[in-house]
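Taking it in order: structure first as structure tokens, then the write-up.
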Amino acid sequence: MASRNPRVTVLGGGSWGTTIGSLAARNTETVLWARNEETVTDINERSRNSRYLQDIPVTKTLRATTDLEEAVAEADVLVLGVPSQHSRGVLEQVTKHVRPWVPVVSLVKGLEQGSSKRMTAIVEEVMPGHPAGVLAGPNIAREVLQGYAAAATIAMPEHRQAEMLQELFRTNLFRVYTTTDVTGVEYAGSLKNVYAIAVGVGDGLEAGDNTRAMVITRALREMTRLGVSLGGDAMTFNGLAGMGDLIATCTSPFSRNRTVGVGLAQGKSLDQIAAEMNQVAEGVKTVATVMKLAAEQGIDLPIAREMDAVLNHGQPVKETYRGLLRQAPGHEVHGDEW
Ligand SMILES: NC(=O)C1=CN([C@@H]2O[C@H](COP(=O)(O)OP(=O)(O)OC[C@H]3O[C@@H](n4cnc5c(N)ncnc54)[C@H](OP(=O)(O)O)[C@@H]3O)[C@@H](O)[C@H]2O)C=CC1
Ligand SMILES: O=C(CO)COP(=O)(O)O
């Protein structure tokens, strides 16, 4: 990293890219790249991103630009904050302008459709030689930006790198822990969105608090089984990026994924929900990829399977929990059942 204060460049002007940019700007020079002129003007002239974060102020020193080359040419750290299905395209534009050793930290909680790849695998493919990691945890953007205490974990292949990057994002109210389990953190962040939709369906059907707790707990078991078989550490799934984020996303009225589930249970179509929300809900596309990965690993994921049936195969939403309840429960810890 450079001997001057490192420059952080955040790619993506949505709610979470802006929030992380605002945190980093408290610690070091930070530039945010957004494709939308209005977002850039709003940040530069009003220290707001009203489209995504209403009237909550961002750090005054956060600068924004629509010029991708200018944003990345002097970067010491790149932060990837565009939704998963657009990440590869953005990285392909970035790679020719960025210095070769610059680390890339993904904020993305989704997998690429078709390839089923995690974002760090895409970074390694498109930007070979750049250390790639991920920052994730229970972090509803607006609450972090409003200054409510929260925590995340930063995963880098080398622990020393994680420790250096930790300092750029942490504040007295945003605690950043470190780990080297990039794989586990990335799968945990992506998987929990699928289960937040499932919990939203239960809440939308007014299933009750015990049902919600049952689904969250069994969801954690499913996430862990798949994540570990794909190379993640089981302890990661018990931590901030796993259990922590699962709880936040499954219970927050601000979660977009949970909102999708509630909307489906209320009889709305996906198109209608997407139009009302106008923000990304990564779980909607992740579910089919998760089913593919589970099949490859020979693992059954009953809750995810129900969501796949509803989202991709026309199963009436009211059938969701009936289908699950017909299955006999097995061993709580070692069983494959839900
Ligand atoms: N919001 C949150 O609380 C959290 C989100 N995340 C994750 O962060 C990632 C980003 O999500 P979030 O910020 O919430 O998303 P939002 O829906 O709030 O915003 C998406 C942003 O990506 C931009 N974008 C979309 N496609 C492209 C493209 N092809 N090229 C350039 N920019 C593009 C949009 O630009 P435009 O405005 O011009 O459409 C917008 O600025 C997701 O994977 C999400 O799961 C992780 C933790 C918390
Ligand atoms: O990842 C998040 C919280 O940690 C945000 O969840 P949603 O994308 O469901 O809003």
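Taken together, the values in this text are just the output of simple stated rules run on the coordinates, not laboratory data. All of these numbers come straight from a predicted model, not from anything done at the bench. All Cβ positions, glycine included, derive from the backbone under ideal geometry; neighbour counts span all protein chains shown.
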At most 11 other Cβ atoms within 10 Å and a DSSP loop assignment: could you name the GluC sites (Glu not before Pro) in the range 242-338 that fit? 332
Rounded, prolate or oblate: which fits the chain, taking a ≥ b ≥ c as square roots of the Cα gyration tensor eigenvalues, rounded meaning a/c under 1.5, else prolate when a/b beats b/c? prolate
Below 26 Å Cα-Cα, how many Lys pairs turn up in the chain? Only count pairs eight or more apart in sequence, or on different chains, if you could. 18
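Treat every Asp and Glu Cβ in the chain as -1 and every Lys and Arg Cβ as +1, leave all other atoms uncharged, and give the resulting dipole magnitude about the Cα centre to the nearest 20 debye.
In total the dipole reaches around 340 debye.
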Cβ-based exposure ranking for 271, 42, 67, in which fewest neighbours within 10 Å come first: 271, 67, 42
For the chain, with +1 on Lys and Arg beta carbons and -1 on Asp and Glu, the positive-most of 287, 72, 211 along the dipole: 211
Projected onto the charge dipole of the chain (unit charges on the beta-carbon of Lys, Arg, Asp and Glu, signs +1, +1, -1, -1), the Cα from 98, 166, 250 with the largest positive-side position is that of 250
Mind checking the full-extension length gain between residue 5 and residue 45? Use 0.36 nm per residue of separation minus the Cα-Cα distance, one decimal, nm. 12.0 nm
Quick check on the exposure proxy: order 277, 223 from fewest to most C-beta atoms within 10 angstrom. 277, 223
If I take R0 = 22 Å and measure r between the Cβ atoms of residue 173 and residue 247 in this structure, what FRET efficiency does the formula 1/(1 + (r/R0)^6) give, to the nearest 0.05? 0.70
Protection proxy ranking, peptides 27-38, 49-60, average beta carbon neighbours within 10 Å, highest first: 27-38, 49-60
Treat each spin label as a single point 7 Å out from the Cα along the C-beta direction, and report the residue 125 to residue 297 distance in nm. 1.9 nm
Between helix 15-27 and the chain: long-axis angle, C-alpha atoms, 0 to 90°, nearest 10: 40 degrees
Roughly what angle does helix 182-204 make with the longest principal axis of the chain, taking Cα atoms, 0 to 90 degrees, to the nearest 10? 50 degrees
Calculated FRET efficiency for the pair residue 235/residue 334, C-beta based, R₀ 25 Å, to 0.05: 0.90
If the elastic network links every pair of Cα atoms under 10 Å, which of 247, 299, 140 fluctuates the most in the Gaussian network model of the chain? 299
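How would 292, 96, 192, 109 line up from fewest to most surrounding beta-carbon atoms within 10 angstrom?
Fewest to most other Cβ atoms nearby, the residues stand as 96, 292, 109, 192.
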If I stretch the segment between residue 269 and residue 158 completely, what's the gain in nm (0.36 nm per residue apart, minus their alpha carbon distance), one decimal? 35.5 nm
